[in-house]
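A.B. asks: Sharing a structure with you now.
The values are calculated or read from the model by the stated rules, or taken from the named source; none is laboratory data. Worth saying up front: this structure is predicted, and the values here are computed from it rather than measured. Cβ atoms come from the backbone with ideal geometry, glycine included; neighbour counts cover every protein chain shown. Protein only, heavy atoms only, side chains kept; ligands, DNA and RNA dropped before computing areas. Shrake-Rupley method; radii C 1.70, N 1.55, O 1.52, S 1.80 Å.
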Amino acid sequence: EYRISIVRGAPEIIVQNCSEAMDEKGEVQDFDKYHKERLQARVNHLSSKGQRLVAIAVTSKELNTKRPPDSMILLGVMCLVDKTRPDSVRCISQARKAGVQVVMVTGDKIETASAVAREIGILGPSSDRSVVLTSQEMKNMTDKKLASIIPRLSVVARALPSDKSRLIRVAQGTGEGAKVVGMTGDGINDSAALRLADVSFAMGNGAEVAKEASDIVILDNRLSSIVKSILYGRTIFKTIRKFVMFQSTINLSSTLIVFIGPFMGFDFPLTLIQLLWVNLVMDTLAALAFGGEAADPAFLHEPPLARNQAIISPSMWRSIISNGLYIAFCSVIFLTWDPVLAMFDRRIPAGDIPMDKNDLLFKETAKIEDVGELRVQGGPVFLTAFFSFFIFMCSFNAWNVRTPKLNLIENVTKNMGFIIVIASIFLLQILFCQVGGTLLRTVPLTLREWSCLTVISSLVIPFDLLRKILFESEGLRVPYSRKRYTDDGRIDIKLESTSEVDSKLD
């Protein structure tokens with residue numbers, strides 16, 4: 001009985017361990033150094049064109065898991081052409097515009113990996129300072145040295161599974177240089193690296209172990225799906241920020257009203273049921289309104305956030321504090337300023353008091369005797385007006401929160417839920433006031449009173465637009481930085497405006 005083992009692997013390893021080779025006639029010939037060098041030159045030539053090569057040999061010796069046996073018989077070298085997908089170049093370009101550094105970690109030969117990376121745009125021209133490493137070169141580096149190279153690293157060839165884990169660990173690092181690392185994988189050996197990454201992607205046709213270890217499974221195995229996940233991730237994060245900003249503004253303003261009220265001679269003028277409606281507007285309805293925001297491709301032109309980036313940014317704090325103070329200030333003025341009180345004064349002049357004391361209009365308005373009592377006790381008309389004023393102003397502020405730009409209606413039609421929810425708040429508020437009665441402590445308001453409330457409460461919009469013009473450069477244009485390394489190692493940063501960015505968006 002004659003037993004043989006078939007061995008396949010990297011040509012530079014298999015070929016060197018072969019002492020004989022089989023020719024085209026199936027006869028075994030001596031395989032000396034000259035023939036090995038000729039074959040290796042041919043392998044390098046094909047690898048530089050991005051083709052994958054696998055050497056196949058046979059041996060009758062016992063196999064060793066650490067290294068292939070010596071004196072094998074080379075059967076041949078197979079050339080595999082793995083064509084890149086048409087959208088790969090576009091996806092790599094979009095990822096780079098989003099500030100994402102793409103690194104190819106592959107088991108291919110360094111010539112093959114470099115050729116493929118250059119074809120899809122991971123590697124730039126020869127003048128680019130991108131770094132290409134092999135597994136052995138990376139093994140000889142300290143973590144500190146590797147960390148200094150990672151910002152320019154583009155390709156790791158002949159990589160081992162342990163190399164992926166080390167790359168993730170070093171890139172995550174500590175301090176300001178710590179990066180958010182994403183890793184793709186499809187094999188069992190990738191599971192350790194997938195668990196270690198901040199965000200891990202498994203291929204849909206990959207091993208089940210890899211899928212279980214990953215955060216996201218890419219069903220179509222396309223790089224474009226990863227770019228989309230970045231876009232939708234940023235959209236969700238921005239939506240959370242909008243909701244937090246909207247909710248915090250209402251909380252700040254209502255807290256200030258409650259705190260300042262006793263010093264100004266009034267208590268918080270909303271009942272418990274009215275406060276429940278305010279909370280519904282602030283929480284549930286606001287979440288529904290902002291939750292449907294569309295994924296804007298312009299988000300891919302913004303730089304990524306740092307690992308330690310706070311949920312509430314300095315710009316958000318400025319918006320919360322300024323708008324919260326403005327709403328509180330307007331509410332205090334509404335409750336204490338005589339001209340505002342007079343707008344909702346339905347007192348009947350003494351000469352116009354009807355003979356019939358049961359007249360409905362008289363019964364509703366005769367409760368208020370003078371403006372001073374109106375301020376202290378709060379008549380039903382005035383308290384209904386303030387209730388609607390506070391809801392209207394908070395709802396108008398939702399338009400300010402929705403976008404950091406001056407154009408408040410930009411892309412609003414892509415989120416029809418926002419329009420429907422805000423419109424529903426206004427309609428329900430009017431309905432509650434018109435038919436709420438004693439349950440909601442409201443009385444019907446006239447068309448003139450509703451018009452006055454709408455105009456006064458809408459002033460929060462021009463106030464916030466002025467804030468954006470004065471303090472937020474993002475309100476006028478959104479610059480983003482394009483970073484590249486010059487020949488002398490310095491970092492050159494170019495700023496581009498939103499209009500320039502949009503014209504280049506694929």
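A.B. asks: Could you grab the pairs with beta carbons closer than 6 Å, sequence gap of 6+ or different chains, first residue in the stretch 281-304 and over 17 Å from residue 422 (Cα atoms), second one of a type in the set (Val, Ile, Thr)?
C.D. replies: If the second residue must be of a type in the set (Val, Ile, Thr), the pairs left are 295/235; 301/501.
A.B. asks: Further, regarding this structure: Quick test for you: out of 220, 283, 267, pick the one residue that is within 29 Å of residue 433 (Cβ to Cβ) and not in a helix (DSSP H, G or I).
C.D. replies: 267
A.B. asks: Among the residues of the stretch 387-415 satisfying the criterion of being charged (D, E, K, R) and in contact (Cβ under 8 Å) with a residue 60 or more places away in the chain, which is surrounded by the fewest Cβ atoms within 10 Å (Cβ to Cβ)?
C.D. replies: 414
A.B. asks: Next question, about the same structure. So which residues in the stretch 430-443 are surrounded by 12 or more Cβ atoms within 10 Å (Cβ to Cβ) and in contact (Cβ under 8 Å) with a residue 60 or more places away in the chain, if there are any at all?
C.D. replies: Correct list: 432, 440, 441, 442, 443.
A.B. asks: Go through the stretch 405-414 and give me each residue that's farther than 14 Å from residue 242 by Cα and modelled with pLDDT of 90 or more.
C.D. replies: 406, 407, 409, 412, 413, 414
A.B. asks: Now for a separate question. Can you pull out the residues in the stretch 148-182 that are farther than 24 Å from residue 226 by Cβ, within 26 Å of the chain's Cα centre (by Cα) and in a helix (DSSP H, G or I)?
C.D. replies: Across the stretch 148-182, the qualifying residues are 175, 176.
A.B. asks: Testing residue 282 on (1) open to solvent by 30 Å² or more (accessible area, probe 1.4 Å); (2) at pLDDT below 90; (3) under 25 Å from residue 257 (Cβ atoms), one condition comes back false. Which one is that?
C.D. replies: (1)
A.B. asks: Has the stretch 77-99 got any residue that is small (Gly, Ala, Ser) and within 19 Å of residue 133 (Cα to Cα)?
C.D. replies: Taking every residue of the stretch 77-99 in turn, none turns out to be small (Gly, Ala, Ser) and within 19 Å of residue 133 (Cα to Cα).
A.B. asks: Does residue 341 meet the test of being open to solvent by less than 60 Å² (accessible area, probe 1.4 Å), modelled with pLDDT under 50 and either among the charged types (D, E, K, R) or in contact with a helix residue (DSSP H, G or I) (Cβ under 9 Å, 6 or more places away or on another chain) (or both)?
C.D. replies: No; evaluated as a whole, the condition is false for this residue.
A.B. asks: Checking residue 311 against (1) within 14 Å of the chain's Cα centre (by Cα); (2) β-branched (Val, Ile, Thr); (3) assigned to a helix (DSSP H, G or I), which single condition isn't satisfied?
C.D. replies: Residue 311 satisfies all of (1) within 14 Å of the chain's Cα centre (by Cα); (2) β-branched (Val, Ile, Thr); (3) assigned to a helix (DSSP H, G or I) except (3).
A.B. asks: Determine whether the stretch 119-129 contains at least one residue that is of a type in the set (A, V, I, L, M, F, W, C), modelled with pLDDT of 85 or more and either assigned to a strand (DSSP E or B) or open to solvent by 40 Å² or more (accessible area, probe 1.4 Å) (or both).
C.D. replies: No, the conditions are met nowhere in the stretch 119-129.
A.B. asks: For residues that are under 19 Å from residue 302 (Cβ atoms) and of a type in the set (A, V, I, L, M, F, W, C), scanning just the stretch 219-238, find the one that is most open to solvent (accessible area, probe 1.4 Å).
C.D. replies: 236
A.B. asks: Among the residues of the stretch 217-239, is there at least one that is among the β-branched types (Val, Ile, Thr), farther than 23 Å from residue 91 by Cα, modelled with pLDDT of 90 or more and under 21 Å from the mean Cα position of the chain (by Cα)?
C.D. replies: For the stretch 217-239, residues among the β-branched types (Val, Ile, Thr), farther than 23 Å from residue 91 by Cα, modelled with pLDDT of 90 or more and under 21 Å from the mean Cα position of the chain (by Cα): present.
A.B. asks: Another question about this same structure. As an exercise: evaluate residue 139 against (1) more than 29 Å from residue 55 (Cα to Cα); (2) surrounded by fewer than 15 Cβ atoms within 10 Å (Cβ to Cβ) and give the number of the one condition it does not meet.
C.D. replies: Among (1) more than 29 Å from residue 55 (Cα to Cα); (2) surrounded by fewer than 15 Cβ atoms within 10 Å (Cβ to Cβ), the lone unmet condition for residue 139 is (1).
A.B. asks: Look at the stretch 1-43 and say how many of its residues are among the aromatic types (Phe, Trp, Tyr), within 13 Å of residue 74 (Cβ to Cβ) and at pLDDT below 90.
C.D. replies: 0
A.B. asks: If we scan the stretch 456-473, do we find a residue that is of a type in the set (Lys, Arg) and either in a loop (DSSP other than H, G, I, E, B) or in contact with a helix residue (DSSP H, G or I) (Cβ under 6 Å, 6 or more places away or on another chain) (or both)?
C.D. replies: Yes; the residues of the stretch 456-473 include at least one that is of a type in the set (Lys, Arg) and either in a loop (DSSP other than H, G, I, E, B) or in contact with a helix residue (DSSP H, G or I) (Cβ under 6 Å, 6 or more places away or on another chain) (or both).
A.B. asks: Is there a residue being within 25 Å of residue 317 (Cα to Cα) and either in a helix (DSSP H, G or I) or among the polar types (S, T, N, Q) (or both) anywhere in the stretch 422-441?
C.D. replies: Within the stretch 422-441, one or more residues are within 25 Å of residue 317 (Cα to Cα) and either in a helix (DSSP H, G or I) or among the polar types (S, T, N, Q) (or both).
A.B. asks: Checking residue 38 against (1) touching a residue at least 12 places away in the same chain (Cβ under 8 Å); (2) open to solvent by 60 Å² or more (accessible area, probe 1.4 Å): exactly one of these is not met. Which one?
C.D. replies: (1)
A.B. asks: Going by the structure shown, is residue 83 closer than 21 Å to residue 187 by Cα and surrounded by 19 or more Cβ atoms within 10 Å (Cβ to Cβ)?
C.D. replies: no
A.B. asks: Looking at 178, 197, can you tell me which residue is in contact with a helix residue (DSSP H, G or I) (Cβ under 7 Å, 6 or more places away or on another chain) and surrounded by fewer than 20 Cβ atoms within 10 Å (Cβ to Cβ)?
C.D. replies: 178
A.B. asks: How about the stretch 41-61: which of its residues are over 30 Å from residue 119 (Cα atoms) and open to solvent by less than 50 Å² (accessible area, probe 1.4 Å)?
C.D. replies: Correct list: 57, 58, 59.
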